[in-house]
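Presented below is the structure to which this report refers.
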Amino acid sequence: MKLRQWLSLAWKSLKNRQLATILTIFSMTLSLVLLMAVDRIQRAAQDGFTQTISGVDLVVGARSGPLQIILYSVFNIGQPTQNVSMESYNEIKSKPEVEWTIPYSLGDGHRGFRVVATNEDFFKHYHFRSKESIELSSGVIFKDYFDVVIGADVAKTLNYQVGSPVVVAHGVTSGEAIQSHEDKPFRVVGIMKPTGTPLDRALYISLEAMEAIHLDWQTGSAPAKENEIAVNKITPDMVKPKAITSFFLRTKNRIETLRLQRWINEYKEEPLMAVIPGVVLSDLWQSLSMVEKVLKAISFLVMIVGLFSMLIALMTSLNERRREMLILRALGASLKHVLGLILLETFLISSLAVIFACLSKIILEFSLGPWLQSRFGLYLQGPTFSNSEIFYMIIMMVSALLISFIPAVRAMRAALKDGLSLKL
């Protein structure tokens with residue numbers, strides 16, 4: 001018999017066991033889709049995590065640990081040990097190898113969200129995912145002392161719009177505030193587009209605004225009513241920043257980055273530390289890789305379950321197919337042909353499972369991609385199928401063929417027990 005005839009025979013045999021075949025293909029497809037989905041989400045999460053900030057060569061803060069500086073500067077998590085004086089910031093900023101800087105000042109919050117003080121350079125130079133820059137969905141960036149630009153998650157959670165009033169809480173970044181700057185309320189002037197990064201969960205004001213709300217808080221607590229400084233009495237000289245929490249920096253030449261990092265780390269005027277964000281973020285991701293390994297292990301177990309479901313379906317059908325095998329042997333089929341038929345059926349089942357898994361993956365990415373971006377910040381970029389996903393498909397097909405030797409050998413033995421020829 002020719003290959004085309006064997007394919008036709010194998011296909012008709014599978015159609016004769018239609019329900020079992022469909023269920024087997026479904027289980028194998030589901031297991032492969034799950035395995036590829038875990039790999040795809042892992043790639044998207046890693047890219048989103050390591051590219052939370054891009055285009056920044058150094059993050060500079062008070063001397064502590066590299067991870068701590070990245071956590072409070074990039075992820076708005078934790079508190080700095082000390083501030084950076086404006087004198088030191090201006091000296092480093094004025095160095096000829098520095099292209100631009102973005103100052104960052106932290107400390108206050110609003111209803112569980114961090115308040116970040118910065119300047120216009122933040123909207124001009126801050127990038128994430130390599131080339132994407134900050135954009136506003138509505139409004140403008142802050143210009144007045146009491147203007148505030150809010151992230152997309154802040155606007156969605158608190159149902160804020162342009163013009164909404166905002167009262168900043170003193171020294172609180174989560175939970176309810178004990179003291180707040182009620183005498184100097186802000187007004188939302190801009191709402192940022194979703195980025196899928198920690199930028200979405202913060203409010204942004206000017207450095208001068210941070211100074212303005214703390215003018216009369218010299219003792220660390222709210223001033224008495226008679227000691228409050230009215231908004232209309234604040235002058236530019238009164239709100240010149242004296243210190244910041246940290247700042248982002250980009251050099252004109254990548255070769256200068258390591259030299260400048262060493263110079264900052266050895267800065268004699270005050271203890272500072274400069275860290276390369278990409279290196280720290282990669283190390284941090286590696287430390288979280290255990291979760292990824294657990295998910296992949298679970299997915300592989302699901303794939304094994306799918307393969308065993310195929311084995312069970314083939315084994316349970318052997319008794320029902322003894323008559324089929326007898327007819328084939330009577331028509332002159334050898335034991336090799338019996339073995340080949342079982343392997344060919346397995347190849348068709350696994351091939352269909354791989355095809356349906358690929359189609360399902362493409363459809364799911366196309367339909368769920370925008371939702372994953374807006375809800376979880378997972379940008380499904382890069383090739384549709386990675387090398388590892390192609391490897392999973394090959395593993396599925398090879399494993400299926402190897403497992404199918406078990407029912408194939410049993411089918412051959414059954415043929416011999418039925419008194420058929422021993423000749424191959």
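Given points 7 Å out from each Cα along the Cα-Cβ axis, report the K252 to S133 separation in nanometres with one decimal.
In this crude spin-label approximation the distance works out to 2.0 nm.
How would you rank I229, I362, I205, I255, going from fewest to most other Cβ atoms within 10 Å of each one's own Cβ?
Working: I229 16, I362 12, I205 25, I255 9.
Result, fewest neighbours first: I255, I362, I229, I205.
Considering Cα pairs under 8 angstrom that are at least six residues apart, work out the relative contact order of segment 52-287 and quote it in whole percent. Kindly include the intermediate steps, with their values, before the conclusion.
Values: 483 pairs, mean separation 77.2, N = 236.
So the answer I get is 33 percent.
Suppose a student asked you for the relative contact order of segment 1-153, using Cα pairs under 8 Å spaced at least 6 residues apart; what percent would you report?
Working: 103 pairs, mean separation 27.6, N = 153.
Dividing the mean separation by the residue count of segment 1-153 yields 18 percent.
Arranged by the count of other C-beta atoms within 10 angstrom, fewest first, what order do L258, L281, L372 take?
Numbers: L258 14, L281 21, L372 18.
Ascending number of Cβ neighbours within 10 Å: L258, L372, L281.
List S282, S130 from most exposed to least, where exposure is judged by having the fewest other Cβ atoms within 10 Å. The partial results should precede the final answer.
Values: S282 14, S130 10.
Result, fewest neighbours first: S130, S282.
Working only with C-alpha atoms, what are the Rg and Dmax values of segment 52-287, expressed in angstrom?
Here Rg and the maximum Cα pair distance are 17.5, 56 Å.
Where a number appears in this text, it was derived from the coordinates with a stated rule and is not lab data. This is a predicted model, so every value here is computed, not measured. Cβ: placed from backbone, ideal geometry, glycine included. Neighbour counts: every protein chain shown.
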